[in-house]
Every structure is written in structure tokens, then in C-alpha cells.
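This report refers to the structure that appears directly beneath it.
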Amino acid sequence: MPRTPTIPTLAERPAAVPTPPAKIAIRGLVKSFGTKKVLRGLDLDVAEGRSLVVIGGSGTGKSVLIKCVLGIVTPDAGSIRVDGEELVGASRSTLDEARKKFGMLFQGAALFDSLPVWENVAFGLLARRLVDRKTARERAIATLAKVGLGPEAADLYPAELSGGMQKRVGLARAIAAEPEILFFDEPTTGLDPIMADVINELIRRLVSELGATALSITHDMASVRKIADRVAMLYDGKIIWEGPVEQLDDSGNPYVDQFVHGRAHGPIKVGVERIG
Amino acid sequence: MKVLAAVGRATLALLSTVGAVVLFALGALASGLTGRLYWRQLGRQMLEMGYFSLPVVGLTAVFTGMVLALQSYTGFSRFEAQNAIPTIVVLSMTRELGPVLAGLMVAGRVGASIAAELGTMRVTEQIDALTTLATDPLRYLVFPRLLAGTLMLPALVLVADVIGVMGGYLVSVYKLGFGPIEYVNRSFEFLETQDVVSGLVKAAVFGFLLTLMGCYHGYRSRGGAQGVGAATTRAVVSASILILIANYFVTELFFAR
């Protein structure tokens with residue numbers, strides 16, 4: 001277990017650009033699995049309409065962070081506010097209300113393999129009974145077009161798609177109900193560099209088209225530079241640096257430097273750790 | 001002391017599992033009964049569990065009926081009681097063998113496939129994806145399966161009863177020289193409604209238990225392919241054991257006086 005670094009929790013924000021109010025405000029988030037403390041009092045704000053990317057090594061709790069916000073993992077302590085509404089310890093109806101604002105792209109796309117592509121895309125619409133099946137299908141095809149897939153993909157099953165196409169369908173499913181907040185979990189993992197860039201561009205474009213707030217996690221630096229407005233680095237259960245993406249290369253933080261430049265040697269020690 | 005500690009640990013583990021299963025079942029029933037019912041899911045599961053289980057249940061039933069007739073004949077002819085064969089076949093089928101064998105066969109077929117499907121959905125984050133799409137996985141995935149199992153197993157057992165009696169009839173008439181009309185008449189002579197009903201109630205209980213085991217173990221599986229495999233095994237083993245245990249208690253409920 002690496003020692004807690006003696007570095008300020010949040011880097012100073014640049015005073016020049018006024019930041020919009022926080023869409024997501026996380027304070028003192030703590031989560032342990034058994035004896036392993038994954039998050040140790042994490043603070044993070046995501047400003048409305050901005051795209052924040054959390055970077056950090058594998059197994060540092062990035063996924064846990066996003067799952068806490070989504071309400072899939074219940075934190076041990078702390079506060080998560082979305083539009084000022086507290087989600088930690090909230091009732092199921094409050095959580096379901098908040099989730100209507102969310103769209104999520106999972107690492108492995110997590111498409112429902114018993115349903116054809118169009119039903120996957122329209123799942124949120126159908127589940128909330130916003131539209132009938134015929135309209136849902138039309139909406140799904142329109143959404144598929146936004147991610148560059150033709151209507152012929154609508155009736156295929158997820159198992160018939162390549163990894164890149166699955167990611168696109170996952171993306172279409174995430175944006176189908178026009179959410180206010182989008183979450184991306186390692187959006188480029190497992191894709192070739194070209195397809196990764198295609199997905200990054202799609203994310204960038206869709207987020208700005210929707211005017212959505214985005215919270216992503218990744219360790220792919222190309223992806224970070226493409227989709228982030230701001231970057232936060234998660235290390236040892238806390239955010240140890242946060243700043244605009246332009247400052248990433250001269251953050252003055254040795255941990256961030258080591259991560260950004262992918263060096264095996266530096267303050268971050270890589271050992272073998274048991275998870276879960 | 002070490003022995004006591006081991007016994008204590010095993011007891012605590014058993015109790016906590018029982019508690020977790022009961023809470024899981026109550027949670028699924030609560031969310032299934034309070035919100036919308038996913039008819040499409042229910043229909044698909046009923047088709048999968050009922051219709052597609054017919055061949056395996058039918059084959060089991062016909063050979064069970066046949067072997068029952070043959071075994072009773074070789075045993076009962078020793079004291080000139082061959083006439084009891086139709087009654088033995090029909091009572092054994094409706095009260096015991098129909099529900100238990102159908103339950104065990106469906107546990108192997110359906111319980112395993114539920115555990116594997118939900119387990120895969122769990123490890124590939126599909127269950128998490130449902131949650132983020134504001135859909136309660138218990139209501140969408142688990143409740144329709146529980147309901148389909150509880151409804152379809154009695155239907156399967158009814159079919160198994162008829163096919164089992166048919167099996168006994170075939171052997172008795174074509175091999176053992178019974179008169180066809182006599183056999184059918186004797187089959188119904190001592191059959192009471194309660195015999196059939198108790199078998200159907202058993203079937204409903206078994207259907208609930210085996211789908212519950214499939215759902216519980218699949219839903220809670222973790223650790224990739226190996227975890228899914230383990231969940232499948234646990235689902236089938238625990239469903240089979242629970243069916244045999246529940247069989248005794250339902251029988252006692254109906255017939256102990």
C-alpha cells in the first residue's frame with residue numbers, strides 16, 4: 001500500500017475563467033471493499049456543460065467513483081450532489097429521478113445481448129414509456145445515425161457487431177434519451193487507435209451537441225487530450241491534482257507527470273495488490 | 001474447541017446464505033408486485049421454460065411410467081396383486097414422480113440457463129446498465145422468471161402426469177396383457193382430486209424454488225467465466241436439494257393426518 005502523498009487535495013483553479021455552477025459535487029467520498037480502502041475522502045466538482053476526465057492507474061478506484069455517482073455502488077461515507085440534490089442515502093425514487101438525467105457508456109459497452117440493436121438504443125425510452133415501440137424504433141435509427149451507423153444495423157444483435165460498433169451502439173444508447181450528464185468508462189479500451197479516435201471525436205461532438213456535462217474515466221492519454229476540458233488525477237483514493245487540460249503537461253505535479261508520460265519510475269510505485 | 005468453531009462457522013455461513021436468499025426473494029417479489037409487469041419478458045420466459053422443456057419432461061415421464069408398470073408387475077405378481085398396477089402408476093406419477101422428476105429435469109435445464117444468463121449479464125455489466133437506464137433489474141429480470149417458473153411447472157407436470165400414465169398403459173397393455181379399457185378404468189378408480197392437486201402445488205413450489213436459485217446465484221455471480229460456471233453449478237445443486245426437501249414438507253402438508 002503506497003503512502004498517502006503530501007500533496008494538496010485540489011489544485012488551485014485558474015482565476016481568469018469563471019466556472020459555471022457545479023452540476024456534480026462530490027465531497028469526502030469514502031468506499032472500502034473489505035479491508036481495501038478504495039476511495040479515501042474524495043472531493044470533485046464537475047461544472048455544468050464541461051467535460052471532466054478522471055485519470056489514474058488501473059485499480060485506483062476510477063470505476064468505483066463513477067459507479068458511486070450512478071448509484072450502482074453505495075459509498076460508505078461522503079456526499080454526492082447532482083443539481084444540488086443529495087444522492088448518498090437517497091430513496092430509490094430520488095435515485096431513479098436522478099438517473100433519468102444520466103447516460104452511461106460502459107467499458108465493454110454492456111449491450112443487452114438478448115435484444116436487437118434498436119431495442120438496446122431505445123431501451124431507456126421504452127423503459128420509461130416515453131414513446132411507443134414504433135416511435136422508439138424510429139428514434140433509435142435516428143440516434144444510430146448520429147454515431148455513424150446506418151439503419152441496417154438496427155436489427156442486428158450485439159454479438160454480430162465488432163467491438164468498435166458495439167461501442168457506438170453503447171454510445172447511442174447513452175445519448176438516446178438526451179441526458180444532461182454523460183458518463184464514459186474507459187471509452188477507448190480494446191479499440192484500435194483509429195477506432196479509438198473515431199469514438200473520441202464522437203464523444204466530443206455529441207457532448208457539445210447535447211450541451212451535456214460529461215464525467216469520464218480513462219488511462220488513455222490520447223483520449224484525455226481529445227475529450228477533456230478539465231482533468232483530475234485520482235491517486236490513492238483522492239484527487240491529487242485538477243486543472244484544465246492545457247496544463248496537463250506542466251502541472252508541476254510529479255505524480256501527474258509520471259502518469260502523463262507513462263514512466264515506470266517515479267513517485268507512483270506499481271506493486272501487486274489484491275482487489276475486491 | 002476447533003471442532004466447535006468449525007461447526008459454528010458453517011452454521012453462521014448457512015444462516016447468512018438463507019437470509020440473503022430470503023431477502024433476495026422478498027426484494028424481487030416486492031419490486032415485481034408493486035410496479036409494472038414486463039409482459040414481453042414474462043412471455044419469453046414462459047415459452048422458454050414451458051414449451052421448450054416439453055421434450056425433456058415428456059421423455060422422462062414416459063419412461064418413468066413404463067418402468068413403474070414393469071417394476072410393480074414383477075414385484076406385485078409375487079402375491080397376485082397385479083391389478084393394483086394402474087393405481088400405483090397413476091398415484092406415483094401425480095403425487096410424486098411427476099412433480100419431482102419434472103422439477104429436477106427443469107432445474108438442470110432452466111435453472112442452469114438462468115444462472116448462466118444472469119451471471120454473464122452481471123459480469124459484463126449488463127445488470128448495471130439496466131440500473132442506469134432507470135430499470136429495476138429485479139423487476140425486469142428476476143420477477144418474470146420467478147413468475148414464469150411458478151406458472152409453467154404445474155402445466156408441465158400436468159402434461160407429465162398424462163404422459164406417465166400413458167407409459168404405464170403402453171407397457172401394461174402391450175407387454176403384460178392388461179385389457180386397455182380395464183387399465184384406464186382402474187387408473188381412475190382410486191384417483192382423487194387431491195392427488196393431482198397436491199402434485200400441481202408441489203410443481204408450483206418447485207418452479208419457484210428452481211428459478212429463485214438460478215436467479216440468486218446468477219445475479220450474485222462475480223469473477224468472470226469461472227464465476228459464472230460456479231454460479232451455474234450452485235444453482236442446479238441447490239435447486240435439486242431444495243426440491244427434494246420441499247417435496248417432503250409439501251407432502252406432509254397434504255397427506256399427514
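Per-structure values
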read-out	value
Unmet criterion (only one of (1) within 30 Å of B:G177 (Cβ to Cβ); (2) exposed (fewer than 13 other Cβ atoms within 10 Å of the Cβ)) for B:M1	(1)
Restricting region A:83-117 to residues that are in a strand (DSSP E or B) and more than 13 Å from chain B (Cβ to nearest Cβ), the residue that is farthest from A:V207 (Cα to Cα)	A:E86
Residues that are surrounded by 14 or more Cβ atoms within 10 Å (Cβ to Cβ) and within 14 Å of chain B (Cβ to nearest Cβ), drawn from region A:71-82	A:G71, A:I72, A:V73, A:V82
Residue count for region A:150-164, restricted to those that are part of a helix (DSSP H, G or I), of a type outside the set (A, V, I, L, M, F, W, C) and more than 14 Å from chain B (Cβ to nearest Cβ)	4
Condition check for A:R129: at positive phi, free of Cβ contacts under 8 Å to residues at least 60 places away in the same chain and either surrounded by fewer than 20 Cβ atoms within 10 Å (Cβ to Cβ) or within 14 Å of chain B (Cβ to nearest Cβ) (or both)	yes
Residues of region B:116-156 classified as within 9 Å of another protein chain (Cβ to nearest Cβ) and either free of Cβ contacts under 8 Å to residues at least 60 places away in the same chain or of a type in the set (A, V, I, L, M, F, W, C) (or both), total	13
Those helices (runs of 4 or more DSSP H) lying entirely in region B:79-194 with at least 2 residues buried (at least 24 other Cβ atoms within 10 Å of the Cβ) and in contact with a Ser or Thr (Cβ under 6 Å, 6 or more places away or on another chain)	B:85-91, B:112-123, B:143-174
Matching residues in region A:63-82 - criterion: being touching an Asp or Glu at 6+ places or on another chain (Cβ under 8 Å) and either under 14 Å from A:A25 (Cα atoms) or in contact (Cβ under 8 Å) with a residue 40 or more places away in the chain (or both)	A:S63, A:I66, A:L70, A:S79, A:I80
Residue within region A:140-149 that is under 19 Å from the mean Cα position of the chain (by Cα) and more than 12 Å from chain B (Cβ to nearest Cβ) present	yes
Selection within region B:23-41 - out of contact with any Phe, Trp or Tyr (no Cβ under 6 Å at 6 or more places or on another chain), of a type in the set (A, V, I, L, M, F, W, C), in a helix (DSSP H, G or I) and surrounded by 12 or more Cβ atoms within 10 Å (Cβ to Cβ)	B:A25, B:L29, B:A30
Selection status of A:A136, part of a helix (DSSP H, G or I), buried (at least 23 other Cβ atoms within 10 Å of the Cβ) and modelled with pLDDT of 90 or more	no
Members of region A:26-70 found to be small (G, A, S) and more than 14 Å from chain B (Cβ to nearest Cβ), listed by number	A:G28, A:S32, A:G41, A:A47, A:G49, A:S51, A:G56, A:G57, A:S58, A:G59, A:G61
A:S223 vs. criteria under 24 Å from A:G59 (Cβ atoms), touching a residue at least 40 places away in the same chain (Cβ under 8 Å) and out of contact with any Asp or Glu (no Cβ under 7 Å at 6 or more places or on another chain)	yes
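Listed here are the residues, each with its yes/no results for (1) in a helix (DSSP H, G or I); (2) of a type in the set (K, R); (3) more than 30 Å from A:A142 (Cβ to Cβ).
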residue	(1), (2), (3)
A:A177	no, no, no
A:E242	no, no, yes
A:Q247	yes, no, yes
A:Y255	yes, no, yes
A:H265	no, no, yes
A:I268	no, no, yes
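The values are calculated or read from the model by the stated rules, or taken from the named source; none is laboratory data. None of the values given here were measured: they were computed from a predicted structure. Cβ sites come from the backbone with ideal geometry, for glycine too, and all protein chains shown count toward neighbours.
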